[in-house]
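Worksheet for the structure shown next.
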Amino acid sequence: MKKYSYKCGHGYRDFTLDETRVLAELVIKEMPPVENFKVTVLDALYHHIGEKPINELVGKGKKVAFICNDLTSVANSFEFMPILVNEMNKLGVRDEDMHIVFSLGTHRIMTEDEMAETVGREVVWHLKMYNSDCNA
C-alpha cells in the first residue's frame, strides 16, 4: 500500500492505494512563480488567445458575471479578482453591473465570510455574490 496526499481547500486529503492497482501517477511540473502578478493578469486580459482584447468586449453599459471556484478548489481568486474588478471599472463597467457566482457543484452553500475569503474582502463590498445551488 502506498500513501498519497493531495491539497484540498485549506488542507490536505490523505489516502492509501494498493500500488498494483495504480496504472500511472501524473505529477504537475513545478513552475517558477509569476514575477509581476498584476502585469501578467492584465496581459492575459488584453492578449488572450482566440478572442478580442477585453476593452473591445466590455465597457460602459455591459454586464459581467465572474464564475469563481468554491473553497474546495484552490485557485487563489483573492489575488486576481481585485485586479479584474478594478480593470472592469476602468473600462466603464459599474460595480452594480458585475456579479460573482460561486460554482459549487454538489458542495454545500458557502457563507458570506467564505465568499469574502475566496475572492478578497475588497471585492465583496462592491459586487453582489451568489451561490449556485444544485438543490434549488
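The values are calculated or read from the model by the stated rules, or taken from the named source; none is laboratory data. Keep in mind that what you see is a predicted model, and the values were worked out from it rather than measured. When we count neighbours, we look across all protein chains shown, and the Cβ atoms used for this are built from the backbone with ideal geometry, even at glycine. Protein only, heavy atoms only, side chains kept; ligands, DNA and RNA dropped before computing areas. Shrake-Rupley method; radii C 1.70, N 1.55, O 1.52, S 1.80 Å.
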The alpha-carbon center of the stretch 57-136 and that of the stretch 1-56 are separated, in whole Å, by 20 Å
Cut-off 10 angstrom, C-alpha nodes, Gaussian network model of the chain. Which of 36, 76, 55 fluctuates the most? 36
Residue-span extension gain [residue 132 to residue 5] - 0.36 nm each, minus C-alpha spacing: 42.9 nm
In the stretch 92-136, with Lys and Arg counted as +1 and Asp and Glu as -1 at Cβ, which of these residues, 120, 98, 134, has the Cα nearest the positive end of the dipole, that is, farthest along it? 134
Of every hundred units of 1.4 Å-probe accessible area on the chain, the number belonging to carbon and sulfur atoms, as a percent, is 56 percent
Just check the stretch 36-102 against the gyration tensor rule for me: Cα atoms, a ≥ b ≥ c as the square roots of the eigenvalues, rounded for a/c under 1.5, and otherwise prolate or oblate depending on whether a/b exceeds b/c. oblate
At 20 °C and 1.002 mPa s, the Stokes-Einstein diffusion coefficient in µm²/s for the chain, with hydrodynamic radius from the Kirkwood sum on alpha carbon pairs, is 123 µm²/s
Give me, ordered by chain and number, the residues 5 or more places off residue 8 or on other chains with an amide H under 5 Å from its own placed amide H. 13
Just the number please: accessible area per residue for the stretch 3-45, 1.4 Å probe, all protein chains included, in Å². 98 Å²
Normalised contact order of the stretch 1-133, rounded percent, pairs of Cα under 8 Å and 6 or more residues apart: 22 percent
Any idea what the dipole of the stretch 1-57 comes to, in debye rounded to 20, about its Cα centre with Lys/Arg Cβ at +1 and Asp/Glu Cβ at -1? 220 debye
Most to least accessible of 52, 128, 2, 63 (protein chains only, probe 1.4 Å): 63, 128, 52, 2
